[in-house]
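All remarks here apply to the structure that follows.
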Amino acid sequence: MEQGDDRLDALVRKRVRALRVAQGWSLEELASRSHLSAATLSRIENGQRRLALDQLVTLAHALDTTMDQLVETDADDVVIRPAREEGGRLLRWPVRADPRLSVIRRRIADPIPEGTAALRAHPGREWFVVLSGRVSLHLGNSRYLVEADQAAEFPTMIPHAVGAEGGPADILGIFDREARRGHASHPTAS
């Protein structure tokens with residue numbers, strides 16, 4: 001067996017044990033959930049028994065995770081560098097754990113223009129936290145003032161817009177894929 005395989009094997013064993021302990025489960029509890037014996041699980045965790053593919057699938061299911069997460073090795077890319085969008089006004093970080101999500105930091109300098117033309121609706125869900133300043137969130141017929149260290153979450157099918165309130169503000173938003181797509185088609189919208 002190659003050295004890389006040995007490291008992966010040891011990592012998977014540590015993950016199985018860590019996930020079991022994090023759930024507060026004994027070997028017997030995991031054995032009951034995975035239909036493996038407690039002795040087999042003990043030997044797997046201690047490296048005395050080779051991991052078999054069918055056991056990995058069973059353990060992943062029993063531990064409420066995926067096999068991909070059990071064997072994931074890409075720990076080299078821990079620091080994520082943002083991509084600049086819209087001429088450098090937006091910073092976007094991909095979320096590896098869920099590729100349907102995007103994290104975007106945005107500076108908002110302008111208030112929401114008067115009238116309903118500024119309001120946009122599209123499929124999806126949006127969440128943002130105000131990092132500095134204050135923003136006005138128009139959501140349907142309601143208006144909310146969101147201050148620094150406060151957050152807002154809403155379905156983007158409700159007509160909405162976000163603007164600065166009393167000066168520039170910085171927000172950090174999390175968008176699902178549909179909301180991100182809706183904002184890409186209307187870059188000046190929230």
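Multiplying the residue separation of Ala117 and Asp9 by 0.36 nm and subtracting their alpha-carbon distance yields 33.2 nm. Gain on full extension, evaluated as 0.36 nm per residue between Glu178 and Gln150 minus their Cα-Cα distance, stands at 7.7 nm.
Ordering Asp64, Asp9 from the fewest to the most neighbouring beta carbons within 10 Å gives Asp64, Asp9. Ellipsoid semi-axes for the range 3-71, based on the Cα gyration tensor and the rule √(5λ), read 17, 13, 11 Å when sorted largest first.
Most exposed first by the Cβ proxy, i.e. fewest other Cβ within 10 Å, how do Leu91, Leu53 rank? Let's see the in-between values first.
On the way: Leu91 17, Leu53 8.
The most exposed by this proxy come first: Leu53, Leu91.
Stretched out straight at 0.36 nm per residue, the stretch from Asn46 to Ala109 would grow longer than its current Cα-Cα span by 17.0 nm.
Each value in this text was obtained by applying a stated rule to the coordinates, not by laboratory testing. None of these values were measured; they are calculated from a predicted model. Ideal geometry is used to build each Cβ from the backbone, glycine not excepted, and the neighbour counts take in all protein chains shown.
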